[in-house]
Amino acid sequence: MDKSKGIENKLGKLADENKIQGLFLDEESIVSIILDLETIEYKGVYLKYSDDGTVVEINTAISSLKVNDNGQIHRGKLDDIVRASIDKAAISKFNINKLDEDYFKEVEESLDEKIIKLNYIKTEKIYYEVEEALKEIDESDYDYDLIKEKLKKFDIKEKSNHYILERYMGINKIKYNTSKSKFTIKNNYDFKEKINLNDNIDGFDETRFIEAIKEIKHKREYHKARLELDDGIDEDYPSYATGTGLIDKELDLDND
């Protein structure tokens, strides 16, 4: 397995949670600011650190990621948001006493703007994907299996007379409120857009959505109850364990 993918995922999570500066706190980390020799303009940062024995090298000037896993070398490209977040953290911690302080403040502010813009683009893409998925369902004449496939990754909360579905993707959140017939897509910055099923898609049939939500929720509750029962029997009667549970724990209930 390409170890760099795991490192990329960790870096993405740190950037999403605004914790990328933690990479600079390890005393054994090596950090070098990269400046233009003639203009002294900021170009990027070189960062070398250890992650559970794996040596990670980052160069934001060329957006490179190098992972040394016990002699196995893996190379990758930094995600744009991760790259900008590392640059911002480096600038904020850089000793600028002998350089132009105003310049580095401007660079930090521009990187803030870049991070917001990149996240806006990323969330906007999710918005259009949700919109396309809803159109696909409408054009399929509300294929029940397709609806379940689209909804199975959402957390479902049942209210007194409606359902709230939520799905988190990093700093992005998709929310579906059945009482308002509305999807809301937002991030932690400045993106927040809504898709009104009654307004955005002419004649949208939401009843099939409600049926699918009820079925998914029922199966999840049933699955959880059977697992608890299975665990209880195993604890009470350990001498009769046969290695086969009451149900298949690998069963994908959302795809039944």
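The values are calculated or read from the model by the stated rules, or taken from the named source; none is laboratory data. Fair warning: this is a prediction, and the values are worked out from it, not measured in the lab. Here Cβ is always computed from backbone atoms with ideal geometry, including for glycine, and neighbour counts include all displayed protein chains. Surface accessibility is based on the protein's heavy atoms, side chains included, excluding ligands, DNA and RNA. Shrake-Rupley method; radii C 1.70, N 1.55, O 1.52, S 1.80 Å.
At a glance:
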| item | result |
| --- | --- |
| Full-stretch length increase - D36, E113 - with 0.36 nm per residue and alpha-carbon distance subtracted | 25.5 nm |
| Helix-only CD estimate at 222 nm, as mean residue ellipticity for the chain, using -39500 (n - 2.57) per DSSP H run (n ≥ 4) | -14500 deg cm²/dmol |
| Fraction of accessible area attributable to carbon and sulfur, the chain (%, probe 1.4 Å) | 45 |
| Pairwise label distance in nanometres, Y128 with L227, each label 7 Å out on the Cα-Cβ vector | 3.7 |
| Value of Rg/Rh across the chain [Cα atoms, Kirkwood radius] | 1.10 |
| Residue-level accessible surface for Y168, protein heavy atoms, 1.4 Å, Å² | 140 |
| Hz values of 3J(HN,Hα) by residue in segment 117-133 - Karplus curve (6.51, -1.76, 1.60), Gly and Pro given as x | 5, 5, 5, 4, 4, 5, 6, 4, 4, 5, 4, 5, 5, 5, 4, 5, 5 |
| Candidates R167, R75, R83, ranked by Gaussian network fluctuation over the chain, Cα under 10 Å, top entry | R75 |
| Segment 18-45 residues near the modelled Y103 label - backbone nitrogen below 13 Å, point 7 Å along Cα→Cβ | 34-44 |
| A61/K150 FRET efficiency (R0 45 Å; Cβ-Cβ; nearest 0.05) | 0.65 |
| Area of H162 that stays accessible when all protein chains are in place (1.4 Å probe, Å², to 10) | 40 |
| Debye log10 I(q)/I(0) for segment 76-190, one point scatterer per Cα, at q = 0.09, 0.14 Å⁻¹ | -0.40, -0.73 |
| Most positive-pole-ward Cα, G12, V107, N172, against dipole of the chain from beta carbon charges | V107 |
| Segment 99-148: Lys pairs at Cα distance under 20 angstrom, eight or more positions apart or on different chains | 7 |
| Surface/4 estimate of mean projected area, convex hull on alpha-carbon atoms of segment 1-131, nm² | 9.4 |
| Accessible surface, per residue, of the chain when the full set of protein chains is kept, probe 1.4 Å, Å² | 62 |
